[in-house]
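Structure, as structure tokens:
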Amino acid sequence: MSETYHYNLPVCLPIFRKYMENEKTAILSFLLPEEKSMKVVPGQYFMLWLPGDDEIPIAVNHYQKKTISFAICGVGPTSNAIIQKEEKCLIGLRGPFGNGFNLDHNKNVVIIAGGIGIAPLRFLVHQLINNSFISRKIILIQGARTKTELLFREEFEKLPISTDFCTEDGSYGFHGLISEKIETTLDNLLDKPLNWEIYTCGPELMLKKILVIAQEHSLERNLQICLADRYIRCGFGICGSCFIDDLGLSICQDGPVFRGDVIARVDDFGKFGRGADGSKYPFANIGK
Ligand SMILES: Cc1cc2nc3c(=O)[nH]c(=O)nc-3n(C[C@H](O)[C@H](O)[C@H](O)COP(=O)(O)OP(=O)(O)OC[C@H]3O[C@@H](n4cnc5c(N)ncnc54)[C@H](O)[C@@H]3O)c2cc1C
Ligand code: FES
């Protein structure tokens with residue numbers, strides 16, 4: 001087995017490639033210089049550090065042949081400052097952290113993404129396609145506020161998967177909230193007696209709806225939820241910022257991906273998260 005490595009401290013690397021997927025989302029790629037390979041699983045994340053500023057958790061969006069990419073949506077001071085950087089600027093990378101998705105190559109798959117929740121799921125889609133048996137179904141349901149926020153849509157439409165899009169303003173696909181879309185679509189799909197695995201990431205209220213539908217079909221153990229609507233600070237389990245109420249699990253190390261039957265036991269799931277100072281905030285119905 002080949003040796004792998006991990007960045008425990010931020011390693012500053014120049015941005016190798018940058019492009020804007022839409023006006024507030026940048027895709028930044030970095031070349032990893034080491035000779036050894038890095039083991040990275042979809043759903044894992046890095047802490048991206050802007051020297052002289054802050055550090056934020058960002059999921060791996062793609063990783064192949066020593067090139068690693070991140071899709072970063074500008075929502076606040078640090079994410080906006082990072083997406084304004086140009087090629088050759090230095091960004092600190094720490095990771096990969098967390099557990100990532102369990103890739104089951106023997107099942108039919110439904111992938112559900114809300115807003116920037118598509119970021120880790122793009123890497124997952126490619127990994128599943130590369131390891132697919134011929135007759136397996138891969139269905140992607142993706143929702144966003146408007147057409148330009150359906151990130152990677154054109155790329156997905158060219159892949160050998162079924163796609164189903166929705167937008168809140170009706171500019172592409174189904175007109176409405178993704179939670180309305182999945183209520184009927186997911187329910188109908190799961191009614192079919194196929195061997196399903198469900199992967200999802202997005203706003204926590206959307207994740208909650210998916211969990212309820214999976215529970216109605218007794219499929220919560222076949223549901224893998226990436227909790228990226230939560231606050232992460234250290235990334236390795238010591239600061240306590242990301243602990244889930246009651247279960248005592250950390251999102252940064254034990255997650256960010258959890259099985260539906262575990263999340264079903266989390267008291268605060270879909271109700272509130274905690275910010276930098278530990279104070280509670282309620283979840284909004286839309287993605288960040
Ligand atoms: C596991 C994980 C993976 C993520 N992957 C991506 C991704 O691939 N692409 C992407 O655009 N965003 C991703 N995020 C969200 C991203 O980390 C936040 O949008 C970012 O930290 C905002 O920081 P800010 O200073 O720009 O904004 P702020 O104004 O500080 O915050 C804006 C919003 O982001 C949340 N936030 C702030 N700091 C953090 C933090 N340290 N951890 C988590 N949330 C925070 C706040 O609660 C607030 O809702 C991920 C979050 C987690 C937990
Ligand atoms: S972010 Fe510090 S314990 Fe999880």
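The values are calculated or read from the model by the stated rules, or taken from the named source; none is laboratory data. The shown structure was predicted, so the numbers you read here are calculated from the model rather than taken from an experiment. As a convention, Cβ positions derive from the backbone with ideal geometry for all residues, glycine included, and neighbour counts pool all protein chains shown.
Values computed for the structure shown
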item	result
Subset of region 269-278 that is more than 16 Å from ligand 2 (Cβ to nearest atom) and in a loop (DSSP other than H, G, I, E, B) - its residue that is farthest from the chain's Cα centre (by Cα)	K271
Residue count for region 70-101, restricted to those that are assigned to a helix (DSSP H, G or I) and within 16 Å of ligand 2 (Cβ to nearest atom)	1
Number of the exception - I112 against (1) of a type in the set (A, V, I, L, M); (2) assigned by TED's automatic domain parsing to the domain that holds I15; (3) under 30 Å from L189 (Cα atoms); (4) in a strand (DSSP E or B)	(2)
Residue tally, condition within 7 Å of ligand 1 (Cβ to nearest atom) and polar (S, T, N, Q), over region 227-241	0
Residue match in region 55-64 (condition: over 17 Å from A276 (Cβ atoms), surrounded by 14 or more Cβ atoms within 10 Å (Cβ to Cβ) and within 16 Å of ligand 2 (Cβ to nearest atom))	yes
Residue in region 50-69 that is touching a residue at least 24 places away in the same chain (Cβ under 8 Å) and assigned to a helix (DSSP H, G or I) present	no
Answer residue from region 205-232, given it is free of Cβ contacts under 8 Å to residues at least 60 places away in the same chain and near ligand 2 (Cβ under 10 Å from one of its atoms) and is surrounded by the most Cβ atoms within 10 Å (Cβ to Cβ) among those	R230
Some residue of region 81-90 being crowded, with 22+ Cβ neighbours inside 10 Å and more than 22 Å from T200 (Cα to Cα)	yes
D191 vs. criteria of a type outside the set (S, T, Y), away from ligand 2 (no atom under 16 Å from the Cβ) and assigned by TED's automatic domain parsing to the domain that holds L124	yes
Test result for C201, surrounded by 15 or more Cβ atoms within 10 Å (Cβ to Cβ), within 16 Å of ligand 2 (Cβ to nearest atom) and under 19 Å from the mean Cα position of the chain (by Cα)	no
D104, sole failed condition from (1) more than 22 Å from G202 (Cα to Cα); (2) of a type outside the set (F, W, Y); (3) part of a loop (DSSP other than H, G, I, E, B)	(1)
Of all residues in region 236-250 being within 16 Å of Q44 (Cα to Cα) and within 6 Å of ligand 2 (Cβ to nearest atom), the one that is surrounded by the most Cβ atoms within 10 Å (Cβ to Cβ)	C242
Failed criterion for L32 (all others in (1) over 21 Å from the mean Cα position of the chain (by Cα); (2) touching a residue at least 12 places away in the same chain (Cβ under 8 Å); (3) surrounded by fewer than 19 Cβ atoms within 10 Å (Cβ to Cβ) hold)	(3)
All positions within region 136-163 that are among the charged types (D, E, K, R) and at pLDDT below 95	R136, K137
Whichever residue in region 46-68 is of a type outside the set (A, V, I, L, M), closer than 15 Å to R233 by Cβ and at pLDDT 95 or above and, among such residues, is nearest to ligand 1 (Cβ to nearest atom)	P57
Options L28, L9; residue that is farther than 18 Å from A59 by Cβ, touching a strand residue (DSSP E or B) at 6+ places or on another chain (Cβ under 8 Å) and part of a strand (DSSP E or B)	L9
